[in-house]
1. How about the stretch 31-41: which of its residues are in contact (Cβ under 8 Å) with a residue 24 or more places away in the chain and open to solvent by 20 Å² or more (accessible area, probe 1.4 Å)?
2. Can you run down the residue pairs with Cβ atoms below 7 Å, 6 or more apart or on separate chains, where the first is in the stretch 139-150 and open to solvent by 10 Å² or more (accessible area, probe 1.4 Å) and the partner is outside any strand (DSSP E or B) and modelled with pLDDT of 95 or more?
3. Starting from residues that are small (Gly, Ala, Ser) and free of Cβ contacts under 8 Å to residues at least 40 places away in the same chain, keep the ones in the stretch 190-208 and report whichever is most open to solvent (accessible area, probe 1.4 Å).
4. Filter the stretch 6-25 down to residues that are exposed (fewer than 10 other Cβ atoms within 10 Å of the Cβ), of a type in the set (S, T, N, Q) and in a loop (DSSP other than H, G, I, E, B), then give me how many there are.
5. Can you say whether Tyr162 is at positive phi and open to solvent by 20 Å² or more (accessible area, probe 1.4 Å), as far as the supplied structure shows?
6. Taking strands (runs of 3 or more DSSP E) that fall entirely within the stretch 57-173, which contain at least 2 residues that are modelled with pLDDT of 95 or more, under 30 Å from Ser26 (Cβ atoms) and in contact with a strand residue (DSSP E or B) (Cβ under 7 Å, 6 or more places away or on another chain)?
7. Of the numbered conditions (1) modelled with pLDDT of 95 or more; (2) open to solvent by less than 80 Å² (accessible area, probe 1.4 Å); (3) more than 23 Å from Tyr113 (Cβ to Cβ), Phe221 fails exactly one; give the number of that condition.
8. Suppose the filter is under 15 Å from the mean Cα position of the chain (by Cα) and on the phi < 0 side of the Ramachandran plot; does Ile217 pass it?
Amino acid sequence: NYTFNWIITLNDTSSYNSTVNNQTVSNLNLDNCSTNTIMIYNFTLKDEEAESYLNATGDNTSIKIDLSLYSNITSSTSALSFFKSYNQTLPARVCISSSLGSVSYLVRGVIEYTSNNRASEFYNIQNYIINSTSNPYQNITLYNLLSSSNQPFKISYKDTSYLPVGDALIEIQRRYIEQGIFKVVEIPITDAYGETIGNLVLNNVIYNFVVKKNGVILGSFNNVRVVCQTAAIS
């Protein structure tokens, strides 16, 4: 807490001293909720096909988190950063030290997750807005695909001029027919060549692919079944 006042000097050299005011400066940091208590993210891990929760020790789970908070969309310097590896720890939580009040931050980051006999997958976050009123925290379920079911695919995205689009999120939604809904199972991000990797199931699973960049939907490709048309050349 700091006190201050204004001293206003006029052209005739007379001056005015304002009343004393108080400014409160709060420390702001992120951790794994071991000290901080205001949760902003809660990550759980499920098997993608069975949708059963994975056991932290029995399935040897690993969730790696790298998050940065920015004050505005044009800022290239983060106001706050946090990175941590959660080995055999579920859920993986992220907490902030102070209430954000009326202040908003943009979150950018990547979560890498894997477990025994399953693929290493990525869930990217791009300019998600958090504040104390509209978004106190997010519960995010990460879906991990068995290696025996997984076929990695290179996914390319280009704009209407056939130029590659970098830093675009490829939101992969898997259809769970018995539930009548699609669920997000992975969100990789494209590189400078407009390419990324998706972990998919061949032939028998239906997907939606939604391409987003900075909150804007660039394209949607619905009810897609993936196949290897040239399996001989992988």
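1. Hits for the stretch 31-41 are Asp31, Asn32, Cys33, Thr35, Thr37, Ile38, Met39.
2. Note: pairs meeting the criteria are Tyr143/Glu48; Leu146/Glu49; Leu146/Asn117; Ser147/Asn117; Ser147/Ala119; Ser149/Glu49; Ser149/Val201; Asn150/Ala119.
3. The residue in question is Ala192.
4. Of the residues in the stretch 6-25, 5 are exposed (fewer than 10 other Cβ atoms within 10 Å of the Cβ), of a type in the set (S, T, N, Q) and in a loop (DSSP other than H, G, I, E, B).
5. yes
6. Values: elements: 62-70, 80-87, 92-96, 105-114, 121-130, 138-144, 151-156.
Ranges flagged: 62-70, 80-87, 92-96, 105-114, 121-130.
7. Result: Phe221 passes all but (2).
8. For Ile217, the condition - under 15 Å from the mean Cα position of the chain (by Cα) and on the phi < 0 side of the Ramachandran plot - is not met.
The values are calculated or read from the model by the stated rules, or taken from the named source; none is laboratory data. Keep in mind that what you see is a predicted model, and the values were worked out from it rather than measured. Don't worry about glycine lacking a Cβ; one is built from the backbone with ideal geometry, like all the others, and counts go over all protein chains shown. Only protein heavy atoms, including side chains, enter the accessible area calculation; ligands, DNA and RNA are left aside. Shrake-Rupley method; radii C 1.70, N 1.55, O 1.52, S 1.80 Å.
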